[in-house]
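Read through the structure below, which is laid out as structure tokens, and then see the notes.
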Amino acid sequence: MERVLVTGGAGFIGSNFVRALLEHDGRVQVWTLDSLTYAGDRANLAHLPDPARHAFVEGDICNESLVLDVLRDHSIDTVIHFAAETHVDRSIDGPHAFVRTNVQGTLSLLAATRRFWMQQLGWGVQQCRFHQISTDEVYGSLELDDPPFTEHTPYSPNSPYAASKAAADHLVRSYAHTYGLPATLSNCSNNYGPYQYPEKLIPLVILNALNGTPIPVYGDGRQIRDWLYVEDHVEALLLVLERGTVGQTYNISAGMQLTNLELIERICELLDEMVPDSAYSPHGGLIQFVEDRPGHDRRYAMDSSKIRRELGWQPQVTLGAGLRITIRWYLDHPDWVAWIRSKPEYQGWMQRNYVARGVAA
């Protein structure tokens, strides 16, 4: 791993990964390929360690010829594929974009890497690697007494987003099996941390609370999610790239499960403590139950014993510590927050999804 292409590197997890990779390996050269849709921004890549070893390419992963040019021009030997449409609510409103980016885009990447690495250079397992970033949502939903998902759990996606990611994962496995493309895959639980776009639950709660805006809770709020601090996730990915077995899948989860309502209440309590002079304290008073989204999965939970056992990974950040770090980051970056919230895409999204349900934007 010397010359790395990170797709979606201007997004939330991707930008955290780029930063960690540059810190981790002082020799690696990194290229970010990102089309800078609403959730991606070059500002997320500001203040990188040793920025001379990083370059940005604006482009669409669905453009196979562009991908091939990037691979050839920079002799890329590793592709880390983060680029994706990711928000379930958006997939319900507009599934076509998810199929285009998540399925067609992944196919374009696979075809280009196979052509360059295998057909033109004759590279194999020792020379190159394709890593697919996936999600726990491809496994479907669990009941309260069901055991956590393992790497052998059959896929059973329930949302258009999850279905598009499942299709992409199947394409990666098909290229590995049919063409021998050296590939690995990881499924992660819900990430949170700095630079997360505020349509996602944790930053949405933080920013609404700070602004005195009602905090929407879907349905009864008893949906259970498994939370993973983003830096723990990227550390796991670095281990998979360095020591993971080609052809294998690794579940990445911290095992920190709680209901959405419990999570929201915990964030509100931390805000009461960290922003004691807030005009909106106690922030829990802003919680407002709204209509549930269609087909809302009840519970996600993953068994990450494989990556812990085989690669020695352990999450380092507890949920309490991670939430404090995350809240502090949003408090310390008001310019980033204001700029994101000024975007027409963000305002339109809030209008369609929350004002329509009786929650003020």
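Go through region 87-116 and count every residue that is more than 14 Å from Val172 (Cβ to Cβ) and part of a helix (DSSP H, G or I).
15
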Check: Does region 203-218 contain at least one residue that is closer than 14 Å to Leu323 by Cα, in a strand (DSSP E or B) and modelled with pLDDT of 95 or more?
Finding: no
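For region 117-126, enumerate the residues that are touching a helix residue (DSSP H, G or I) at 6+ places or on another chain (Cβ under 7 Å) and either assigned to a loop (DSSP other than H, G, I, E, B) or within 14 Å of Lys165 (Cα to Cα) (or both).
Answer for region 117-126, where residues must be touching a helix residue (DSSP H, G or I) at 6+ places or on another chain (Cβ under 7 Å) and either assigned to a loop (DSSP other than H, G, I, E, B) or within 14 Å of Lys165 (Cα to Cα) (or both): just Trp123.
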Check: Taking region 28-48 as the search range and keeping residues that are within 20 Å of Glu235 (Cα to Cα) and at pLDDT 95 or above, which one is surrounded by the fewest Cβ atoms within 10 Å (Cβ to Cβ)?
Finding: Val28
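The values are calculated or read from the model by the stated rules, or taken from the named source; none is laboratory data. Computed from a predicted structure; not experimentally measured. Positions of Cβ are generated from backbone atoms using ideal geometry, with glycine treated the same way; all protein chains shown enter the neighbour counts.
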